[in-house]
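Here is the structure we will look at, set down as structure tokens.
The values are calculated or read from the model by the stated rules, or taken from the named source; none is laboratory data. Since the structure is predicted, the reported quantities are computational estimates derived from the model, not experimental observations. Cβ: placed from backbone, ideal geometry, glycine included. Neighbour counts: every protein chain shown. Note: accessible area is taken over every heavy atom of the protein model, side chains too, but ligands, DNA and RNA are not part of it. Shrake-Rupley method; radii C 1.70, N 1.55, O 1.52, S 1.80 Å.
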Amino acid sequence: MSVAAEEPPRPEPTLRVDEAPSGAVFWVLSALGAAIIGFGIYGVIHDSNLTVPGSFIKWMIGGLLLHDLVLAPLVILAGAGLRRFLPGRFRAPVQAALVLAGVLALLSVPVIGAYGASRANPTVIYSHHYTRALIILFAILLAGAAFGVLRAARTSTADGDDDDEA
């Protein structure tokens, strides 16, 4: 009868709160992000006859509240639940697919709800948005499953133990 060698415990990753992000990549991407935000604000103000800044601000605040009060708590709950039931090698792909599916669902609400539709311009909201949203959702879930299978195959050949992987 053979006894399997006991693996040494894996160290917990340490999070250093006192370390601020730094480095060239961080600063370049921060500058790029600030420029994109600035361009968007300029566009809202410059084309105010088209963008209706008051309505834009309401949608922006509503989107932030929807994210912070609905999407983020659901993601945290789903992540915690998945941690209990999924092997380590499947967690990240499934969690990523669920986050993307949640974002898709939130972004689809105005289009599927036909907010902004007008009899004066029926082309503003057109087409079969339910079908397109379902196709994109299917693609997201399929990609998550594919990455999960690939990750499982790669990690099973590496060490054979998947219970403690993140």
Query raised in the report: Only one residue in 45, 41, 76 is modelled with pLDDT of 85 or more, farther than 20 Å from residue 115 by Cα and touching a Pro at 6+ places or on another chain (Cβ under 8 Å). Which one?
Result: 45
Requested in this report: Quick one: residue 96 ticks every box in (1) at pLDDT 75 or above; (2) at positive phi except a single one, so which number is it?
Outcome: (2)
Query raised in the report: in a helix (DSSP H, G or I), modelled with pLDDT under 80, open to solvent by 50 Å² or more (accessible area, probe 1.4 Å) and not small (Gly, Ala, Ser), is that true of residue 124?
Result: no
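Would segment 127-139 turn up any residue that is farther than 30 Å from residue 58 by Cα and either under 24 Å from the mean Cα position of the chain (by Cα) or at pLDDT below 75 (or both)?
The answer is yes; a qualifying residue exists.
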Query raised in the report: Which of the following residues is closer than 20 Å to residue 140 by Cα and either open to solvent by less than 50 Å² (accessible area, probe 1.4 Å) or of a type in the set (Phe, Trp, Tyr) (or both): 85, 90?
Result: 90
Report task. Could you check residue 52 against (1) surrounded by 11 or more Cβ atoms within 10 Å (Cβ to Cβ); (2) free of Cβ contacts under 8 Å to residues at least 60 places away in the same chain; (3) under 25 Å from residue 133 (Cα atoms); (4) among the aliphatic types (A, V, I, L, M) and say which number it fails? Result -> (3)
Query raised in the report: Is there a residue being closer than 23 Å to residue 135 by Cα and of a type in the set (Ser, Thr, Tyr) anywhere in segment 86-108?
Result: yes
Report task. Quick one: residue 166 ticks every box in (1) outside any helix (DSSP H, G or I); (2) at pLDDT 80 or above except a single one, so which number is it? Result -> (2)
Report summary line: Considering segment 93-113, residues that are hydrophobic (A, V, I, L, M, F, W, C) and open to solvent by less than 40 Å² (accessible area, probe 1.4 Å), and then whichever is farthest from residue 149 (Cα to Cα), we arrive at 104
